[in-house]
Each structure stands twice: as structure tokens, then as C-alpha cells.
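Written below as C-alpha cells is the structure these notes are about.
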Amino acid sequence: CLLAGRADAYPDLARCLDRALDALVLYDHVADWEIDLDAGRWNAFVASVTREPQLHELRSRNRSAVLVAMLTTDAVATYFARIEQEMLQAAAIAETSAVDIPALADHCRAFATTVNRKGVEVDEHYSEIGRRAATLLLESPSEARA
């Protein structure tokens, strides 16, 4: 902003980049939640599903809570929607007259679209696994042999 003589745009550009960075960190957390859990690192996706502390000795309980939520609730869809919303807000700020960086806005919107598709894919994957598990658990023994 200083080099371009647009110091006045700095506060809005900083808000835009903060939103985009929030989205990227949230995406990273859903992508590697198991790795973070195993390593004892705090993870936003895990925290969105369970209120248990993310302590080493609770990692098995937290892993189970996350998997159950992914199989039985809208946790995945809700979390990915949050990522998408953060990036769309970044895009909206980038295209305001105060910032006016169309390429940045386009990039943020493209990432939001990618996140949306990935969220649908992950959600459908775990929903299908949940449906299959429920069918196996709930069908009668004669149906299971068929």
C-alpha cells in the first residue's frame, strides 16, 4: 500500500487478508486434523466438534468424537461453509472501492468455490459411510445373509 501510494487502503486490505488467512488456516485444520491430534497440536476442526481439551491422553476420545460427528451430523458441511464464508468475505472486501484489487477478489472467490466442492465431497463421503454402517447395524440377520 505504501509503495503504491495507497496507505489509505491498508486497513481494508489488512481485513481482507485476515479473512483469507483465517479461511486458509481453517482449511488446513480440516485437512490435517488427525495429524494435529496425534502430534498434540490444537486444531480448530477438532474444537468445532468436541469441547474436550485436546490433550495427548484424550486424543483417542477426541478422534472418536470427530469421526462420530463426521458420520452422523452436519459438522463437515458446517465447517466447510464457514471456510467458504470467510473467503467470500475476503473477496467482497477486495473488490470494494477502498481496496479495488479484482485479481485478489477473483482468487478468493475461486478458492471459495474449490472449498465448497471439497466440502460437499467430504460430507457425502462420510454421510455414505454413516448410512452403510447404520444399514449393517440395523438390518436383520436374514437380510445380512442375503
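Assuming R0 = 35 Å, what is the FRET efficiency of residue 54 and residue 24, from their Cβ-Cβ distance, to the nearest 0.05? Don't jump to the answer; show the numbers that get you there.
Working: r = 20 Å, r/R0 = 0.58.
After rounding, the FRET efficiency stands at 0.95.
For the chain, the 222 nm mean residue ellipticity estimated from helices alone, with every DSSP H stretch of n ≥ 4 adding -39500 (n - 2.57) and the total spread over all residues, rounds to -25000 deg cm²/dmol.
Across the options 135, 56, 116, the greatest Cα extent toward the positive end of the charge dipole of region 1-144 (unit charges at beta carbon of Lys, Arg, Asp, Glu) belongs to 56. Note: relative contact order over the chain, using C-alpha pairs below 8 Å and six or more positions apart, is 24 percent.
If 27, 79 are ordered by their accessible area, calculated over protein heavy atoms with a 1.4 Å probe, which sequence runs from highest to lowest? Don't jump to the answer; show the numbers that get you there.
Working: 27 65, 79 10 Å².
These residues rank, largest area first, as 27, 79.
Entry comment: accessible area of region 1-141 is 60 Å² per residue, from protein heavy atoms only and a probe of 1.4 Å. The angle between the Cα long axis of helix 10-31 and the main principal axis of the chain comes to about 20°, on a 0 to 90 degree scale. Think of the chain as having a plus end and a minus end, set by charges on the Cβ of Lys, Arg, Asp and Glu; of 72, 45, 92, 72 sits farthest toward the positive end of this dipole. Against the chain, whose longest principal axis is taken from its Cα atoms, helix 102-138 shows a tilt of about 10°. In this structure, residue 74 and residue 39 have a Cβ-Cβ separation that, at R0 = 25 Å, corresponds to a calculated FRET efficiency of about 0.35. Sorting 136, 71, 17 by accessible area puts them as 136, 17, 71; the probe is 1.4 Å, largest comes first, and only protein heavy atoms count.
Of the chain, which part is the longest with no trypsin sites (Lys or Arg not before Pro) in a loop (DSSP not H, G, I, E, B) and with at most 16 other C-beta atoms within 10 angstrom?
52-146
Projected label points at residue 63 and residue 31, each 7 Å from Cα along the beta carbon direction, are separated by 2.2 nanometres. Between the alpha-carbon centres of region 1-40 and region 76-101 there is a gap of 11 Å. Residue separation of residue 135 and residue 100 scaled by 0.36 nm, minus their Cα-Cα distance, works out to 7.3 nm of gained length. Tilt of helix 59-72 relative to the longest C-alpha principal axis of the chain, in degrees (0 to 90, nearest 10)? Rounded to the nearest ten degrees, it is 90. Once the C-beta distance of residue 120 and residue 92 is scaled by a Förster radius of 25 Å, the resulting FRET efficiency is 0.65 to the nearest 0.05.
The values are calculated or read from the model by the stated rules, or taken from the named source; none is laboratory data. A quick note: this is a predicted structure, and the numbers were derived from the prediction, not measured. Because the Cβ atoms are built from the backbone with ideal geometry, glycine has one as well, and the counts that use them run over all protein chains shown. Just the protein is used for accessible areas: all its heavy atoms, side chains included, with ligands, DNA and RNA removed. Shrake-Rupley method; radii C 1.70, N 1.55, O 1.52, S 1.80 Å.
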